[in-house]
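**Q** Please find one structure pasted underneath; my questions will follow.
The values are calculated or read from the model by the stated rules, or taken from the named source; none is laboratory data. These numbers were taken from a predicted model, which means no experiment stands behind them. Cβ sites come from the backbone with ideal geometry, for glycine too, and all protein chains shown count toward neighbours. Note: areas computed on protein heavy atoms with side chains; ligands, DNA, RNA excluded. Shrake-Rupley method; radii C 1.70, N 1.55, O 1.52, S 1.80 Å.
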Amino acid sequence: RFYEKVQALHQDPKASVDNPLLAFSLIKRLHSDWPNVVYSEEATRNTQALHAGLGEVEQELPGAEDLDGAARALMRLQDVYALSVKGLASGVFQRAGQPPLYSPGRRVSLSADDCFHVGKVAYDTGDYYHSIAWLEEAASLFRLSYGSWNLEDRSSLEDALDHLAFSYFMAGNISHALSLSREFLHYADPSNQRVSRNVAKYKKLLEMGTGASGTGRGAMVPHHRCPPLMVLPLPPQAAPEQLLHLSCSYETNSSPYLLLQPAKKELVRIQPYVALYHDFITDAEAETIKGLAGPWLQRSVVASGEKQQKAEYRISKSAWLKDTADPVVRALDARIAAVAGLDLRPPYAEHLQVVNYGLGGHYEPHFDHATSRKSPLYRMKSGNRIATIMIYLSAVEAGGSTAFIYANFSVPVVKNAALFWWNLRRNGNGDGDTLHAGCPVLAGDKWVANKWIHEHGQEFRRPCSADPQD
């Protein structure tokens with residue numbers, strides 16, 4: 001039965017990467033469901049062959065960190081795109097009363113055990129806002145199938161009710177915690193001492209008037225283990241007169257490199273200055289760069305004081321490519337230099353950074369330029385990052401936009417296009433309007449290549465103006 005289920009889910013291998021629900025299910029099957037089947041009593045007759053088969057691939061399988069990360073990714077998509085948990089569990093990516101944000105070719109639903117695992121990840125970190133939503137769905141699905149049993153499941157209705165009751169208690173809804181604990185005793189062992197003590201405790205609290213309204217410990221609020229998405233005041237939309245100056249053009253930038261094939265430039269914003277260059281690379285070049293970076297991909301790090309470390313607010317994998325890695329990388333450097341009109345020779349620019357954002361991959365609001373002299377960026381001794389060029393190496397089906405927070409606009413992923421902006425003003429100060437974020441990938445596999453150019457070497461290419469405020 002398990003084999004038939006897996007076979008059905010693998011009819012379209014690419015779909016397992018594009019659809020976050022399929023991706024989560026795949027990771028969970030490989031980490032816990034399949035070993036659960038292998039080590040079950042039903043498999044005892046084939047124990048030796050099954051254990052040997054699992055042993056051969058065990059090191060290649062996703063780990064607990066991968067599975068928990070996939071669960072957190074689903075919660076991130078739920079939050080950022082205001083998706084209904086009930087809808088997600090049934091394979092629908094939709095906000096209440098809105099058309100679907102993404103309609104997969106093949107709809108896949110999550111099982112009660114899947115929903116329990118997502119809720120348990122939130123529960124274990126004290127995030128009762130998310131645990132309640134996912135454990136409610138798990139309990140609802142377990143009730144529908146009560147009496148039947150799936151070999152690969154690691155949880156049950158009793159587990160869901162137990163965790164859900166405590167989540168509601170911690171959120172302040174004591175009366176509901178009491179009713180769920182009573183339901184637990186009805187379905188499970190009525191003599192369970194721990195849950196019986198909880199029932200007595202909840203009844204006593206209600207009799208004392210604590211939480212009689214269901215909110216004795218205060219209203220339910222989200223609790224995040226990692227920093228929540230930054231909520232920032234947004235300025236008014238761009239004035240009509242600003243929009244009038246936006247244009248599309250063929251640019252040579254006085255560069256011989258672009259004379260025969262000018263760059264296709266779309267001016268996205270004037271302040272901050274952001275331009276999108278369409279068809280900046282070819283499909284073949286994009287595939288070459290992804291292929292070169294693939295074997296070297298590691299979890300992305302961020303600057304933290306004078307060090308670099310992993311962080312929950314940046315979920316991606318990245319690799320660095322020198323221009324000597326391949327003629328394609330060298331040609332790309334020359335093209336960037338021509339379009340930007342800047343000097344990319346070492347040490348005036350960093351190596352090409354290739355980044356892959358997978359399931360729920362994102363990067364919360366940040367500046368590309370250093371905001372402190374202690375930043376590792378200054379170790380290059382070539383000044384701050386004056387400009388960024390970000391090349392979209394792939395398309396995505398939904399999500400993944402680059403959002404400029406203070407400037408209040410976003411740029412969707414446009415395959416093979418390059419996004420350029422100035423990080424520093426002409427006086428050398430950082431431009432606050434360049435605060436930007438990589439929105440979570442809702443569906444698909446997002447690849448980008450970043451080139452960061454430093455201010456030293458650009459003194460005569462982008463000179464300061466006569467106005468020190470510029």
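**Q** Which FRET efficiency, nearest 0.05, do GLU65 and GLN7 yield, Cβ-Cβ r, R0 30 Å?
**A** Calculated value: 0.65.
**Q** What Kirkwood hydrodynamic radius do you get for the chain when you take the inverse of the mean 1/r over all pairs of distinct Cα atoms, in Å?
**A** Computed over Cα pairs of the chain, the Kirkwood hydrodynamic radius comes out at 25.3 Å.
**Q** Quick check on my link table: of LYS120/LYS451; LYS264/LYS446; LYS5/LYS86, which ones sit more than 30 Å apart, alpha carbon to alpha carbon?
**A** LYS120/LYS451
**Q** Just want to confirm a number: the relative contact order over the chain, from Cα pairs under 8 angstrom separated by 6+ residues, in percent.
**A** Here the relative contact order equals 13 percent.
**Q** What percent do you get for the relative contact order of region 1-208 when only Cα pairs under 8 Å and 6+ apart count?
**A** 15 percent
**Q** In the chain, carbon and sulfur make up what percent of the accessible area (probe 1.4 Å)?
**A** 53 percent
**Q** Further question: Could you sort the peptides 372-384, 318-330, 397-409 by per-residue average Cβ neighbour count (10 Å cutoff), highest mean leading?
**A** Top of the packing list down: 397-409, 318-330, 372-384.
**Q** What share of Cα pairs, in percent, lie more than 23 angstrom apart in region 1-208?
**A** More than 23 Å apart: 51 percent of the Cα pairs in region 1-208.
**Q** I've got another one for you. Using only Cα atoms, locate the centre of region 434-470 and the centre of region 351-412, then give the distance between them in Å, rounded to an integer.
**A** A separation of 8 Å, based on Cα centres.
**Q** For a protection proxy built on the mean count of beta-carbon atoms within 10 angstrom, sort 424-430, 272-278 highest first, please.
**A** 272-278, 424-430
**Q** I need the peptides 71-84, 125-138 ranked by packing, meaning the mean over residues of other C-beta atoms within 10 angstrom, with the highest value on top.
**A** 125-138, 71-84
**Q** Going by alpha carbons, how many degrees (0 to 90, nearest 10) lie between the helix axis of 327-340 and the longest principal axis of the chain?
**A** Relative to the chain, helix 327-340 is tipped by roughly 70 degrees.
**Q** Under the rule a/c < 1.5 gives rounded, and otherwise a/b versus b/c splits prolate from oblate, where does region 240-454 land using the Cα gyration tensor?
**A** In terms of gyration-tensor shape, rounded.
**Q** If you take the square roots of the eigenvalues of the alpha-carbon gyration tensor of region 426-470 and sort them as a ≥ b ≥ c, do you get rounded (a/c under 1.5), prolate (a/b over b/c) or oblate?
**A** Because a/c hits 1.5 or more and a/b fails to exceed b/c, region 426-470 counts as oblate.
**Q** How high is the relative contact order of region 252-297, in percent, counting Cα pairs under 8 Å that sit 6 or more residues apart?
**A** 23 percent
**Q** Now, a different point. Taking a cut-off of 17 Å between Cα atoms, list the aspartates and glutamates near LYS322, but don't count ones fewer than 8 places away on the same chain.
**A** GLU285, GLU287, ASP333, ASP343, GLU350
**Q** Skip the ligands, DNA and RNA, and give the accessible area per residue of region 240-454 with a 1.4 Å probe, whole Å².
**A** Using a 1.4 Å probe on heavy atoms only, each residue of region 240-454 averages 44 Å².
**Q** Using the alpha-carbon atoms, what tilt in degrees (0 to 90, nearest 10) does helix 128-144 show relative to the longest principal axis of the chain?
**A** The answer is roughly 50 degrees.
**Q** May I pose another question? For the chain, take the longest principal axis of its alpha carbons; what is the angle in degrees between that and the long axis of helix 174-187, to the nearest 10 within 0 to 90?
**A** 60 degrees
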